[in-house]
Amino acid sequence: MTMVRVGAVRDRFEGRGLFLDGEGAELRKVALRIDETSGTLMGFEPAPPDPGPPTTGDDLPPVNPPQPGPAFSWPLDDIRRVPGQAGEDVLALRLTSNATQRLLLTTPGDRHVLQTRASHLWQPAPVTGKARLAIWGSAAVASVALMIFVLIPLLANNLATVLPASGQRALGETVLEDIRVALDRTGVSPVATCDGAAGRAALTAMEERLFPDGLGDVELSVFVLDHPMINAFALPGGIVVLMRGLIEEAETADEVAAVFAHEVGHVINRDPSRIALRSVGSVGVLGLLFGDFAGGALLLFLTNQMIAADYSQEAEANADAFATATLQEAGIPAEALATFFERLLAQHGDPDGLAAQFLAHPSLSTRIAAAREGAEDLQSSEPVITAQDWSALRNICAETP
Amino acid sequence: MQDPSSTNGSASAQERDGWHLAASHATTHSPSDTTWGTSWSGDRGKLFGIALWTGVLTILTLGFYRFWARTRIRQWYWSAIRPGGVPLEYTGSPYEKLLGFLVAVVILAFYIGIVNLLLMFASFSLLAQPQLAYALTLLGLVPIWFYATYRAERYLMARTRWMGIRFGLEPGAWGYALRACLHWVLTIVTLGLWHPCMRFALARYRHNRMWFGTKRLSQSGGLFLLYPAFIHILLAVALMILASVLVREEIMALANEFDITEFENVALSDTLPTAARLFVVAIPWFLFGLIYYSVVGRRLLVAQLSVGETQLDPQPRVGRIVLITVLGNLLRYVATVSVFFVGIVILLIAVATLAASGNLFDEPEVMFENLELAAQLPQWFTIALGALFYFLVFLIWNIFTHVFLIMPTWKHYASTLRIKGAGHITQIRQRARDDSEEAGGFAEALDVGAAI
C-alpha cells in the first residue's frame, strides 16, 4: 500500500475501491482516504486521467498524488451497506442521499476499516412514500370491506330472489356436499346422512303435519347428518339439515318440529340463497388477500359461516313468525322453540353457538313472550308425531335403511 | 470459487490490491475481443438460513411478511451473480411490493367479487351446476395472468442493476397478453407442436423491449430457432405413439388367436404385451426431453441476445441440470415426507404422554385406546396441530426447493454465462428510473409466482 499524504492531515486510512458513479457502466478505480476533519470518505481517481476506454496496460500505475477534486466525498455517517449481499468478499456501499452511486470494496483490510469507521453502516436506507402506502392500504381495506359488507350482499340479495328453483336446488346440493366434507373428521369420507326407513317415515309424518298443504313451489328435502353437533340449518333450494346431536338433545318431538319450522321459514324467505351467493363472492375476494397461503382454512371458515348462518335480525324475526304461525296452525305449542333453547342454554352453556344464535338476539325475550302468548289459546296439544315415530326419529342414525 | 478474473488470464498479482475485478481490467484487447466470465458467490448455508427465517416469519404473520421475504431472497440471489466479477443488485423494496399488492387488491376485489358472483349466478340459473362458472372465471383470468406476468417482469427488470446501471422493460403488457393467448390457442390446436414457436415469439417480444441503461437489447433468430431443442420431446412422444399402436395390435392378435373377448378373465401379467416395455424407455426419455427443451432452448435464445455490440454466450450443460433436477427433487420429497412422518410420531408420543399410560408401542391395546383418546381431543387442538403440520411441510418444501433446486440451477446458469465484446459496455449510460408502481402487485395477488 502506498503511503500518501495530503496537506497537513495525515491520512490513517488508504484503501482502494471500485466506484460506480451511477451514470456510466464503468468501474472507476479510486484511491480511498478518510478526511478526519470532516469525517468523510473520499475517492480519488489515480492519474493519469485517461479519457476514453480502453485505458492503458494491465500493470497498474503507482497511485499518484490525486488530482484536485475527489470523484466522490461521502460523509461516513451517511454510508450504508447495500442490503442482503450474498458474497462477503465484495462489500457494496451506498450513500443514503444518492440512490445510484456504489462503492465496491474487495480487500478484507478496506472492508474492515469501513465497517469500523462508518458507524451507521448496518442501518437500513430510508423508506420513502409511507404516506402513499397508508393511502392505498386504507383504500384496499375500504374496497374489500365495501365489497364484502355492501356490494356483494346487495347483489346477492337481489340475485337470490330471481334465481330459479332448479338453480337454487343445485346451489344447495353443492353447498351440502362441501359441508359434509368440511365436517368430516376422519379424513376418509364425507359425513354420512342418516336414512333409517322408520326415521325417514317419522320425518315425513312431521312434515305433513306441519305443512298439510305443502309449501307452494318450494319442494322440501330434509336431511339428517350423522354428526354430534347440536345444530340445524337451511340451504338453498328447500334443503333443511338436522344434525343427529340436535335430535338427541331434544326432549320432545315438538321441540324438533319447532326448529324444523324455523328453518323452513328461512327456506321460504330464500335466506340461504342470499348467504350462499354472498359466500361465493366473498371467497374470491378474501382468497385474493391471503393468496393460496390459507386457501383451505378460508373455505373451512366460510362453510362454518354457512352452518352458523348469521342471518339478519329481520330474517330471524321472519323465520320466527313463520315458525310460530306454522306450529299454531298445526296445533302444537309454539313455545317449544323457546323452551328448547332456554333449556339448552341452562344445561350446556352455549352448545355449538346455536342457542346463542337464537338467544343472543336482543329481541329474544319479546320473541319468547310472543311465542308464549300465541300458545295460550291452545287448549290441548297432541304431539307433532306419535311416540312411536318419535323413537324412530331418535334412532334414525342407528337404524340401517 | 471461480476466479472472477480468470477469463482475462491475469490478475494473480493484483488479487490483493482492491482493483482486481474482471470488469475493472483495462486490457490491450479491443473492446470487441474482451470476454468476461460470470462468477457465483453465495453459499447454501446462508440461503438456508434466509429461507428458514423468512419462511417462519411469513407463517407467523399470516403471509404478510412475504413481501419482505421475497425482497430478501431476491437480494441474495441477485448479488450472488457476478458478471465480470461485479455483483448484480436487486433494488426492489418490500414497501413498494406491499403497495403494488394493495393497488391490485383494490382493482381486483371488484373484478373478482362481482364477476365471480354473476358467473356463479348465471351458471346455476342456466345449467343448475357450478362447473361452468368455475371454468369461465378461470378463463377470464387467463389474459390477466399473462398481463400480470409481463408486469412482474417489468418490475424485476426495473429493480435490477449491474455496474450501477438499471435494466428496464418497456410497457407492453396487454400486447403480450394478447400474443400469449393467440399463441396458446395455436399451441393447443397443434397438440403442442407450435410450442417452440410460441416460446421464441414471446421471448422475442419481451427481450426486444428490454434495456440495459441506454442500450436496447436485441433478440435475433427465426421463429423456428427452438425446434432443435424440442427434438427429444418429439422422439419420445413418437415412441409412445408407436408403443401404443403395437400394444393395440398385440392385444388384437391375442384376442383373435385365443378368441378372448373378455380380458378380465386373464391375469394381467400373462397378457402384458411386449410392446408395453417400450414405455419404460419412452417415459424417462420424455422427462429428459422436457429438461433438454428447457436448457437447450434457453441456451439457443440467450446466445442470440445482444446489447449493442456485446453478445451473450451461455454454455449451460444439460447433464448438469438433469442431475440437479433429479437430486433436488429427491431431496425435497424425502425431506418433506420425513417431516410428515416425524410429525406423526411426535403426535403419537404426545397422545401417549397425555394418556399417561405406559409405553405406547408395548401393548397394542393401549395404543388403540390412545388413538381413541386422540379422536376425542378438543377440536381446536386438532385444528391447531393440523395447521402446524401444514405450515411445517410448506416451510420445509420451500427451503429445500431453494437450497437444492433453484440455487444450484441459477448457479449453473450464471457461472456458464460469458459476455463477449464486454469492452463496449463502458459506453452505456444510466437510464431514468421506472417507477413501475404496481411492483408485481397483480402477479402477487393472482399468485403468478415468479420462480423466486
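Quick check, is B:ILE112 more than 22 Å from the chain's Cα centre (by Cα), hydrophobic (A, V, I, L, M, F, W, C) and surrounded by fewer than 22 Cβ atoms within 10 Å (Cβ to Cβ)? The answer is no for B:ILE112.
Quick one: would you say B:LEU88 is within 19 Å of B:ILE165 (Cβ to Cβ), surrounded by 15 or more Cβ atoms within 10 Å (Cβ to Cβ) and either among the aliphatic types (A, V, I, L, M) or at pLDDT below 70 (or both)? Full working, then the answer.
Values: within 19 Å of B:ILE165 (Cβ to Cβ): yes; surrounded by 15 or more Cβ atoms within 10 Å (Cβ to Cβ): yes; either among the aliphatic types (A, V, I, L, M) or at pLDDT below 70 (or both): yes.
Yes, satisfied.
Residues that are more than 8 Å from chain B (Cβ to nearest Cβ) and either over 17 Å from A:SER279 (Cβ atoms) or basic (Lys, Arg) (or both) were ranked within segment A:129-145; the one that is farthest from the chain's Cα centre (by Cα) is A:ALA131.
Given the options B:GLY172, B:GLY164, name the one that is open to solvent by less than 30 Å² (accessible area, probe 1.4 Å) and within 14 Å of another protein chain (Cβ to nearest Cβ). Within the list B:GLY172, B:GLY164, the selection yields B:GLY164.
Taking segment B:286-312 as the range and being surrounded by fewer than 16 Cβ atoms within 10 Å (Cβ to Cβ) and more than 18 Å from the chain's Cα centre (by Cα) as the test, only B:GLU309 passes.
Conditions tested, residue by residue: (1) away from every other protein chain (no Cβ under 13 Å); (2) out of contact with any Phe, Trp or Tyr (no Cβ under 9 Å at 6 or more places or on another chain).
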site: B:PHE389; (1), (2): no, no
site: B:LEU395; (1), (2): no, yes
site: B:ILE399; (1), (2): yes, no
site: B:LEU405; (1), (2): yes, yes
site: B:ALA414; (1), (2): no, no
site: B:ARG418; (1), (2): yes, no
site: B:ARG429; (1), (2): no, yes
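One residue is enough: does segment A:98-117 have a residue meeting the conditions modelled with pLDDT under 80, loosely packed, with under 15 Cβ neighbours inside 10 Å and within 12 Å of chain B (Cβ to nearest Cβ)? Outline the logic, then answer.
First, pick out the residues of segment A:98-117 that are modelled with pLDDT under 80: none.
No - not one qualifying residue is present in segment A:98-117.
Residues in segment A:313-327 that are surrounded by fewer than 17 Cβ atoms within 10 Å (Cβ to Cβ) and acidic (Asp, Glu): A:GLU314 only.
Counting only residues that are more than 23 Å from A:ILE385 (Cα to Cα) and among the acidic types (Asp, Glu), segment A:177-234 holds 4 of them.
Report the residue count in segment A:228-239 for those that are assigned to a strand (DSSP E or B) and free of Cβ contacts under 8 Å to residues at least 60 places away in the same chain. Spell out the reasoning first.
Going through segment A:228-239, the residues assigned to a strand (DSSP E or B) turn out to be A:232-235, A:239.
Next, from what is left, pick out any that are free of Cβ contacts under 8 Å to residues at least 60 places away in the same chain: none.
Selection size over segment A:228-239: 0.
With the requirement that a residue be open to solvent by less than 10 Å² (accessible area, probe 1.4 Å) and out of contact with any strand residue (DSSP E or B) (no Cβ under 8 Å at 6 or more places or on another chain), what does segment A:232-252 give you? Within segment A:232-252, A:PRO236, A:GLY245, A:ALA250 qualify.
The values are calculated or read from the model by the stated rules, or taken from the named source; none is laboratory data. Note that the structure is a prediction, hence the values are computed from the model and not measured. Glycine gets a Cβ as well: all are built from the backbone with ideal geometry, and neighbour counts include every protein chain shown. Keep in mind that these areas ignore ligands, DNA and RNA; they rest on the heavy atoms of the full protein, side chains included. Shrake-Rupley method; radii C 1.70, N 1.55, O 1.52, S 1.80 Å.
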